[in-house]
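Visitor: Below you will find the structure I want to go over with you.
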Amino acid sequence: MAEDLYDKAVKYYDNGEYEKAFELFTQLAEQGNSNGQCYLGFMYDYGKGVDKDYVKAVEWYQKSAEQGYDYGQCNLGLMYEYGKGVDKDYVKAVEWYTKAAEQGNARAQNNLGIMYEYGKGVDKDYVKAVEWYQKSAEQGNARAQNNLGYMYEYGKGVEQDYTKAVEWYQKSAEQGYARAQYNLGDMYEYGKGVEQDYTKAVEWYTKAAEQGDADAVGAINRCAEQGIADARYELGYLYSSGKGIKQDYAKAVEWYIKAAEQGHADAQCNLGYLYYNGKGVGQNNAQAIEWYIKAAEQGKELAQKNLLRMYADGNMETQDYETLSQWYKEFTEAKDKAEKKKHKAEKKDKANDDEEIVYSKN
């Protein structure tokens, strides 16, 4: 019965029906269900289905933790570490993290590693920090993987090993952890543990920057200033999209031009788009056509398609309709082939693709 009630409560929670979930988790918690107590604490902690109340969150985490539930123990440790609903107490935080970590809770293992690395509630001990990061990282915890990579990069608690640092940064970065993406970009930029590769450096910096990592934005800017075309293109994209940086079409145009003049097809295509739509620059069909053609001649299918769209709308004069038609035919055939291979019987509405000038992001 309790198991059915718990499953129902979780379903409500996952569907965003927090008030219904709160009601059921309260019933479970009052019946002594440790999972329900932990969930109820979490709902008070984050104000889901109920007013935020750190004191009550601690109360329910405590009940769950005292029954040995590792997630309750980990969450209680967090409350003590950050002083939420209780006085900040690193020693107690370590105590609860340890209980959860010894049960194999990956998040608690990572948090305990942090406490040892920085000497919070325990004597600073890099070796123990590495030990706990390793346990957590091997379970796939992205933060721990990044932290372990950092320890290998700087030789803290282990012998310095750039190759292993890259290995762990890579695992974390591929899970989407922004700081690891930045760190991996840094390894590629400076050739630490891998062959120096500015293209890959910029690729990883961009992924981090799109999540708002300020250091990554700065790194892309640094690479762009050094004349790296990919970095100039990505910086233009960040400015035009407003991802991780304040949107500024004029600056987007500035950086796209620099990359486009170096022959970067994506930059040429996007520059055509900005000229066509008058974003960051005066609307200018002739300039749009010029840059679309440069990209199209490099095989950029989106530029070919946009040129044909402009022609169909009467926004350009050309006698070379045959070339445009061929580009578009090749584009649509390749697209149809790829969709059939990937989706087979699935049907997707792609009508809008043929109705407007489209912007490029690789």
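Visitor: Tell me, what is the per residue accessible area of the chain in Å², probe radius 1.4 Å?
Guide: Solvent-accessible surface per residue comes out at 51 Å².
Visitor: Given the C-alpha centroids of the range 228-300 and the range 171-195, what is the distance between them in whole angstrom?
Guide: Taking the Cα centre of each part, the range 228-300 and the range 171-195 sit 27 Å apart.
Visitor: Who wins for biggest fluctuation among Asp89, Asp230, Asp213 in a Gaussian network model of the chain, springs between alpha carbons below 10 Å?
Guide: In the Gaussian network model the winner is Asp89.
Visitor: Taking the highest mean first, how do the peptides 23-31, 118-126 order by number of other beta carbon atoms within 10 angstrom per residue?
Guide: With the highest mean Cβ count within 10 Å placed first, the list reads 23-31, 118-126.
Visitor: Next question, about the same structure. What pairs from Lys135/Lys246; Lys251/Lys300; Lys207/Lys329 go past 29 Å between their alpha carbons?
Guide: The pairs that break the limit, which is 29 Å between Cα atoms, are Lys135/Lys246; Lys207/Lys329.
Visitor: Would you mind working out the magnitude of the charge dipole of the chain relative to its Cα centre, with +1 at each Lys and Arg C-beta and -1 at each Asp and Glu C-beta, to the nearest 20 Debye?
Guide: I would put it at about 60 debye.
Visitor: Right, another one. Evaluate E = 1/(1 + (r/R0)^6) for Ala214 and Glu339, where r is the Cβ-Cβ distance and R0 equals 35 Å; express this FRET efficiency to the nearest 0.05.
Guide: 0.35
Visitor: Give me the dipole magnitude in Debye, nearest 20, for the range 80-164 about the Cα centre, with unit charges on the beta carbon: positive for Lys and Arg, negative for Asp and Glu.
Guide: Dipole magnitude for the range 80-164 comes out near 260 debye.
Visitor: Tally Lys and Arg at +1 and Asp and Glu at -1 over the other residues with C-beta under 11 Å from the C-beta of Lys11: what net charge comes out?
Guide: Within the 11 Å Cβ shell, the charges total -2.
Visitor: If the elastic network links every pair of Cα atoms under 10 Å, which of Glu339, Glu102, Glu234 fluctuates the most in the Gaussian network model of the chain?
Guide: Glu339
Visitor: Using the alpha-carbon centroid of each, what span in Å lies between the range 106-163 and the range 52-95?
Guide: 22
Visitor: Right, here's the next one. Within the set Lys11/Lys171; Lys88/Lys124; Lys128/Lys192, which residue pairs have Cα atoms separated by over 28 Å?
Guide: Lys11/Lys171
Visitor: Moving to a separate point now. Can you figure out the FRET efficiency of Glu66 with Gln226, using R₀ = 41 Å and their beta-carbon distance, to the nearest 0.05?
Guide: Using R0 = 41 Å, I get an efficiency of 0.10.
Visitor: Name the residue, out of Glu59, Glu159, Glu117, whose mean-square fluctuation peaks in a Gaussian network model built on the chain with Cα pairs under 10 Å.
Guide: Highest fluctuation among the options: Glu159.
Visitor: Also, I was wondering about something else. Note the per residue figure in Å³ for the convex hull of the C-alpha positions in the chain.
Guide: It is 185 Å³ per residue.
Visitor: Another question about this same structure. Give me the percent of accessible area attributable to carbon and sulfur for the chain, probe 1.4 angstrom.
Guide: Summing carbon and sulfur atoms, their accessible area is 42 percent of the total for the chain.
Visitor: List the chymotrypsin sites (Phe, Trp or Tyr not before Pro) within the range 36-108 that fall in a DSSP loop (any state other than H, G, I, E or B) and whose Cβ has at most 12 other Cβ atoms within 10 Å.
Guide: Hits after loop and neighbour filter: nothing returned.
The values are calculated or read from the model by the stated rules, or taken from the named source; none is laboratory data. For clarity, every value in this text was computed on a predicted model and none was experimentally measured. Counting neighbours? That spans all protein chains shown, and the Cβs are built from the backbone with ideal geometry, glycine included. Just so you know, the surface numbers come from the protein's heavy atoms only, side chains and all, with ligands and any DNA or RNA stripped out. Shrake-Rupley method; radii C 1.70, N 1.55, O 1.52, S 1.80 Å.
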